[in-house]
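Take a look at the structure set out below.
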Amino acid sequence: MTAMTTTPRPITSEDLYAIELAEDPRISPDGTQVAYVLMTMDRDAYEYRRSIWLASADGGEPRRFTSGPNDTAPRWSPDGRSLAFVRAPASGTKPKSAEERDRGVGQPQIWVIPTGGGEAHQVTFMRHGAGAPVWSPDGKTLLFAAETGTPDDQEVDDAALDGKSIPRVRTITQMWHRLDGHGFMYDLRSHLFTIPAAGGEPQQLTDGDWNDGSPEWSPDGSRIVFTSDRSAERWQWPADSVWTLDVASGACERLTDEALGCGAPSWSPNGETIAFLASPRRYSSGHTDLYTVPAHAGGEARLLSGDWAANCADTCISDMRAGHGGAHLYWGPDGYHGYRLYLQASLRGSTQVYSVSPEADLSPQPLTDGAQHVYGFSMTPDCSAMALAITSPVAPGDVYLQRLPAENASNTQQKLTNLNAKLLSEVALATPEEFSFRGADDWELQGWVMRPPQAQPGELVPTILEIHGGPAAMYGASFFHEFQLLAAQGYAVVYCNPRGSTGYGRDFANAVHFDWGGKDYEDIMAGLDAAIARGGLDANRLGVAGGSYGGYMTNWVVGHSDRFKAAVTMRCVANAASFFGTSDIGWWLAVDEMGATPWENLAQLMQHSPITYVADIHTPLLILHSDNDLRCPISEGEQLFISLKYLGRETKLVRFEGQSHDLSRNGHPRSRVIRLNEITGWFARYLPTH
């Protein structure tokens, strides 16, 4: 008998519930196991579930290791016998008494579990919860950051314990007082703590009217490196410096210039040098560089990345995860130059792992390659092996193991998980085709076309131009459910990285300063024209969509061109003047990106504001916006909607209650599916495929 073959079906918005994601892979000290976080969605409860799993380097099926509803941040003890992690309680868990509140009931806390078998035990009981744990070199102590202080209007919290709900009154005295995805944060401060790994009383190491974070132990355990902004500008132009703390005396030293905003500090094995990532405090383009600095105050920081075009961080975007994961730097031995540094870096649409010598003027060496996005990695202490979390345009992501030290990009990667095998066997996915084109100033730029899987050769298909956010980010070799969904509906998807994107050098990223809606617009339109010139795309049936900066640019595009039949703007910017005082970063955008304040040069801000050109928008425009978006406030979408309705134009506003700027990546699962359906429904109405 002949085996039956099943024709792959188009991917749907509901398939979002079936996608599983691997996060934060952590390799054991001996390189034999990888702990990772498995994220799934509970379709019935509309909730995310996260648990820690172990995958063996010898192969075999990974096994679930923790049982909590929300376990994250797995960290191996130095001897590999224990795993510390952060457990958040089930949604809706709240303290019922002052004692429970003071012990952190309802907050994420650090737990420890033996890796050889046994029950997990809770280590911290911090009132506001605890951050990711860091093991001391001797394995006896855990280091972490946690919020301290009393929330503004304490009476509200006291009343909640008795089941009463009263409105909070907030007293704000600083510019930077809230953060998208977090909420108000002006009344609490993050500081460093230690606690015995076996449990006990925590010891607070830092204090003051500033925030401390990203702590790491020195190799001998006598000092701690961390980041903190203790400058006079910290509530207006926040940017962390690298600091060290002497554990015995509590004395702190600042190692870096306050003109830099620093992160991911990491000690060299001999304890003499600290590597870190940094960008300028002011007028930063989002381009991140790699530095080293002597581990004692008085030395000069040394720039290692120089003219390297890569961004020394993961800036490749996707709609499968929020943010890009924490940056990590690792030091390993090098027989020729003492040590090597290992890091993620984003270059021309791909995020890979690279190594670089801090002692010699050598070019960074890629350790991974191909059309992929390495969105997480960790290394053994001797850097002989690394765990990788890798996605591609046709795979949401899996965990891999790669052995070193052969320094070339052809090292064999051993796949440890196959998380979405069933779904991927059922659906037909589109594979993007890369192309290059000439933008404004005759710069060579990078773009992609994703044609519908069912499209016939030579068939002209309607096309949607997608524009990324940031602009300090990049499209690349990552899985995008939204793009795949549009392709499944019969649309080609065109996307590119215009000036302002990361991954193409410092000057390229800086080129959008004071010119939003200028040559970046020309770059994007040149990319669309170049894609059409390649053939197979219907130039008379075009749509456009984008979120955040991409939403700004979508508004700008339809205010300056009538060639699009339909448009979708998401979490957008419409008015730079109002944005100044309503966004959590509004003044930064106005001053450092557009070069003006509303009272000094209102005309400059309005020149770069899409709302100025709203009367020229004739394209049917769908506006998607979250009402708890603190980055691009709901008022931006509302201004656009009311103006277009007043003008009698085709528009609709879909408002997502309680969601943040990251709706498309980590918002409420049901809201994410509705969002996708709204996008496809709008294009189906105004840009039908048949």
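The values are calculated or read from the model by the stated rules, or taken from the named source; none is laboratory data. Remember, it's a predicted structure, so these values are computed and weren't measured experimentally. Here Cβ is always computed from backbone atoms with ideal geometry, including for glycine, and neighbour counts include all displayed protein chains.
Condition first: closer than 30 Å to VAL225 by Cα and surrounded by fewer than 20 Cβ atoms within 10 Å (Cβ to Cβ). Can you find one or more residues in the stretch 153-171 that meet it?
We begin by selecting, within the stretch 153-171, every residue closer than 30 Å to VAL225 by Cα; these are none.
The answer is no, given that none of the residues of the stretch 153-171 is closer than 30 Å to VAL225 by Cα and surrounded by fewer than 20 Cβ atoms within 10 Å (Cβ to Cβ).
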- Task: Of all residues in the stretch 191-207, count the ones that are within 19 Å of ARG103 (Cβ to Cβ) and either outside any loop (DSSP other than H, G, I, E, B) or β-branched (Val, Ile, Thr) (or both).
- Result: 7
- Query: If you take the residues of the stretch 98-126 that are small (Gly, Ala, Ser) and surrounded by 12 or more Cβ atoms within 10 Å (Cβ to Cβ), which of them is nearest to LYS140 (Cα to Cα)?
  - Reply: ALA120
- Task: Considering only the stretch 343-394, state which residues are among the small types (Gly, Ala, Ser), in a loop (DSSP other than H, G, I, E, B), touching a residue at least 60 places away in the same chain (Cβ under 8 Å) and buried (at least 18 other Cβ atoms within 10 Å of the Cβ).
- Result: GLY349
- Item | Cβ pairs under 8 Å, 6+ apart, first in the stretch 172-184 and small (Gly, Ala, Ser), second surrounded by 15 or more Cβ atoms within 10 Å (Cβ to Cβ) | GLY181/ALA322; GLY181/LEU630; GLY181/SER660; GLY181/HIS661; GLY181/ASP662; GLY183/LEU630
- Query: Looking at the stretch 597-607, is at least one residue buried (at least 17 other Cβ atoms within 10 Å of the Cβ) and assigned to a loop (DSSP other than H, G, I, E, B)?
  - Reply: yes
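Quick check on my filter: what residues within the stretch 182-209 are farther than 22 Å from PRO133 by Cβ and either crowded, with 19+ Cβ neighbours inside 10 Å or under 24 Å from the mean Cα position of the chain (by Cα) (or both)? So that I can check it myself, show each step before the final result.
Start the filter on the stretch 182-209 by keeping residues that are farther than 22 Å from PRO133 by Cβ, which leaves 183-184, 186-187, 208-209.
Result: GLY183, PHE184, TYR186.
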- Query: Picking from ALA309, ALA297, ALA313, which residue would you name as being surrounded by 22 or more Cβ atoms within 10 Å (Cβ to Cβ) and outside any strand (DSSP E or B)?
  - Reply: ALA313
- Note on the structure: Within the stretch 258-278, residues without any contact (Cβ under 8 Å) to a residue 60 or more places away in the chain, under 13 Å from PRO358 (Cα atoms) and either acidic (Asp, Glu) or surrounded by fewer than 24 Cβ atoms within 10 Å (Cβ to Cβ) (or both) come out as GLU272
- Test each condition in (1) surrounded by 13 or more Cβ atoms within 10 Å (Cβ to Cβ); (2) farther than 25 Å from GLY80 by Cα; (3) at pLDDT 95 or above for GLY139 and report the one that comes out false. (2)
- Item | Test set (1) assigned to a strand (DSSP E or B); (2) closer than 18 Å to SER378 by Cα; (3) of a type outside the set (Lys, Arg) - MET41 fails condition number | (2)
- Item | Checking LEU404 against (1) within 30 Å of THR32 (Cα to Cα); (2) under 27 Å from the mean Cα position of the chain (by Cα); (3) buried (at least 18 other Cβ atoms within 10 Å of the Cβ), the condition it does not meet | (2)
- Which one of these is touching an Asp or Glu at 6+ places or on another chain (Cβ under 8 Å), modelled with pLDDT of 95 or more, of a type in the set (A, V, I, L, M) and not in a helix (DSSP H, G or I): ALA567, ALA545? ALA545
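From the set of residues in the stretch 82-97 that are part of a loop (DSSP other than H, G, I, E, B) and without any contact (Cβ under 8 Å) to a residue 40 or more places away in the chain, which is surrounded by the fewest Cβ atoms within 10 Å (Cβ to Cβ)?
Let us first name the residues in the stretch 82-97 that are part of a loop (DSSP other than H, G, I, E, B), namely 89-97.
With without any contact (Cβ under 8 Å) to a residue 40 or more places away in the chain added as a condition, the list becomes 89-90, 92-93.
Numbers: PRO89: 17, ALA90: 12, GLY92: 6, THR93: 12.
Of everything passing the filter in the stretch 82-97, GLY92 is surrounded by the fewest Cβ atoms within 10 Å (Cβ to Cβ).
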- Out of GLY503, GLY490, sole residue that is in a loop (DSSP other than H, G, I, E, B), within 24 Å of the chain's Cα centre (by Cα) and at pLDDT 95 or above: GLY503
- If a residue has to be of a type outside the set (Gly, Ala, Ser) and in a strand (DSSP E or B) to count, how many in the stretch 245-286 make the cut? 14
- Task: Can you work out which of the residues in the stretch 612-638 that are of a type in the set (Ser, Thr, Tyr), over 25 Å from ASN510 (Cβ atoms) and over 26 Å from the mean Cα position of the chain (by Cα) is surrounded by the most Cβ atoms within 10 Å (Cβ to Cβ)?
- Result: THR619
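Quick one: in the stretch 113-124, which of the residues that are under 14 Å from PHE85 (Cα atoms), not hydroxyl-bearing (Ser, Thr, Tyr) and not in a strand (DSSP E or B) is modelled with the highest pLDDT?
Initial filter on the stretch 113-124 (under 14 Å from PHE85 (Cα atoms)): 113-115, 119-124.
Still in the list and also not hydroxyl-bearing (Ser, Thr, Tyr): 113-114, 119-123.
If we keep only those that are not in a strand (DSSP E or B) as well, we get 119-120, 123.
Working: GLU119: 92, ALA120: 95, VAL123: 98.
The selected residue is VAL123.
Can you pull out every residue in the stretch 131-142 that is closer than 13 Å to VAL112 by Cα and either aliphatic (A, V, I, L, M) or assigned to a loop (DSSP other than H, G, I, E, B) (or both)? Explain how you work it out, then say what you get.
Looking only at the stretch 131-142, we keep the residues that are closer than 13 Å to VAL112 by Cα, and these are 132-135, 139-142.
If the condition is that a residue be closer than 13 Å to VAL112 by Cα and either aliphatic (A, V, I, L, M) or assigned to a loop (DSSP other than H, G, I, E, B) (or both), then ALA132, PRO133, VAL134, GLY139, LYS140, LEU142 are the ones that fit.
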- Filtering the stretch 625-670 down to residues that are in contact (Cβ under 8 Å) with a residue 40 or more places away in the chain, part of a helix (DSSP H, G or I) and of a type in the set (Ser, Thr, Tyr), which residue is nearest to ALA45 (Cα to Cα)? SER664
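Can you find, within the stretch 653-664, the residue that is nearest to the chain's Cα centre (by Cα) among those that are crowded, with 17+ Cβ neighbours inside 10 Å and not aromatic (Phe, Trp, Tyr)? Working first, answer last.
From the stretch 653-664, those crowded, with 17+ Cβ neighbours inside 10 Å are 653-654, 656, 659-664; that's our starting set.
Next, only the ones that are not aromatic (Phe, Trp, Tyr) stay: 653-654, 659-664.
Numbers: LEU653: 26, VAL654: 24, GLN659: 17, SER660: 14, HIS661: 12, ASP662: 9, LEU663: 13, SER664: 12 Å.
For the stretch 653-664, the residue satisfying everything is ASP662.
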- Query: Can you name the residue in the stretch 461-479 that is under 25 Å from ILE585 (Cβ atoms) and of a type outside the set (Gly, Ala, Ser) and is also surrounded by the fewest Cβ atoms within 10 Å (Cβ to Cβ) among such residues?
  - Reply: GLU466
- Set ARG168, ARG230: member being basic (Lys, Arg), in a loop (DSSP other than H, G, I, E, B) and under 29 Å from the mean Cα position of the chain (by Cα): ARG230
- Task: State which residue is surrounded by the most Cβ atoms within 10 Å (Cβ to Cβ) when the search covers only the stretch 547-571 and only residues that are touching a Cys at 6+ places or on another chain (Cβ under 6 Å) and under 15 Å from LEU644 (Cβ atoms).
- Result: ASN555
- Message: List the residue pairs whose Cβ atoms are under 8 Å apart, where the first residue sits in the stretch 546-565 and is closer than 15 Å to VAL614 by Cβ, the second is of a type in the set (A, V, I, L, M) and part of a loop (DSSP other than H, G, I, E, B), and the two are 6 or more positions apart or on different chains.
- Response: GLY551/VAL573; TYR552/VAL573; TYR552/ALA574; ASN555/VAL573; ASN555/ALA574; ASN555/ILE617; VAL558/ILE617; GLY559/ILE617
- Item | Criterion: within 23 Å of the chain's Cα centre (by Cα), over 25 Å from ARG685 (Cα atoms) and touching a residue at least 12 places away in the same chain (Cβ under 8 Å) - qualifying residue of SER578, SER609, SER583 | SER583
